[in-house]
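Engineer: Take this structure first; my questions come after.
Just so you know, all these numbers are worked out from the coordinates, no wet-lab data involved. Fair warning: this is a prediction, and the values are worked out from it, not measured in the lab. No Cβ is skipped: glycine too gets one built from the backbone with ideal geometry, and neighbour counts run over all protein chains shown.
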Amino acid sequence: MKNYLDKLGTFGTLLTALIAAPACCLPLLASAGAALGFGVFAPYNTTLTYLLQFSVVLAVIGAVIGFRQHHDWKPLVLALLSAMGIFYAYNVQLSQILVYSSLLGLIAAAIWNSIVGRKCIACAPKALKLQSTITCPLCGHQRTETMPTDACWYFYECHGCKELLKPKPGDCCVFCSFGSVKCPPVQNGTCAC
């Protein structure tokens, strides 16, 4: 749920702005809200104004959560500036341009956050399998070993025949040549240790 909080808050802000627009003298939003049948909510404009500001807070909380996940500060700054613009326009001095641009800024920040979050998920390292069973090609002895993540095993002594194993040509380590699981760098998509 927290991954969608900024989108939910932005959608709530936009929806509440459409409903509460007649009280705020915003003709573009008022006409869109009337066309969608939101004119029946006119008596509740004060409550809707508070609901709009609560939705803005939700959008900012979602942007903060997104920042904590992907550490890209630009969508967060855009969301904060947009939220400040909406709060200023609704509480200090009404400005149609500021409300419209701030709403567009919140929408852009939510979309941007989503794109950056998806890129972050795609670049996240995969869960590595660190257990590999090495099978000696000479005697067939098998032994499960834990692979290091910070080094490669180029030599491995078989515990059955005491033969010193080396990787096959083109392989980076004994796990890639004789193991049931390739080494961590190969699992991550790099070519060699």
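Engineer: Between beta-carbons, use under 14 Å as the cut-off and find the net charge around Gly179, counting Lys and Arg +1, Asp and Glu -1.
Structural biologist: Neighbourhood net charge equals +3.
Engineer: Something else now. Once R0 is set to 22 Å, what does the formula 1/(1 + (r/R0)^6) return for the Cβ-Cβ distance between Asn188 and Phe155, expressed as a FRET efficiency to the nearest 0.05?
Structural biologist: E(calc), rounded to 0.05, equals 0.45.
Engineer: Subtract the Cα-Cα distance of Glu163 and Thr46 from 0.36 nm times their separation in residues, and report this length gain in nm to one decimal.
Structural biologist: Full-extension gain reported as 33.8 nm.
Engineer: May I ask for the net charge around Glu163, where only other residues with Cβ less than 14 Å from the Cβ of Glu163 are counted and Lys, Arg are +1 while Asp, Glu are -1?
Structural biologist: +2
Engineer: Using Cβ contacts closer than 10 Å as the measure, can you line up Phe67, Phe175 from fewest to most?
Structural biologist: Listed from fewest to most nearby Cβ atoms, that is Phe67, Phe175.
Engineer: Which order results if Tyr50, Tyr100 are arranged by neighbouring Cβ count within 10 Å, fewest first?
Structural biologist: Tyr50, Tyr100
Engineer: Ranking Met84, Met147 by Cβ neighbours within 10 Å, fewest first, what do you get?
Structural biologist: Least crowded to most crowded, the residues run Met84, Met147.
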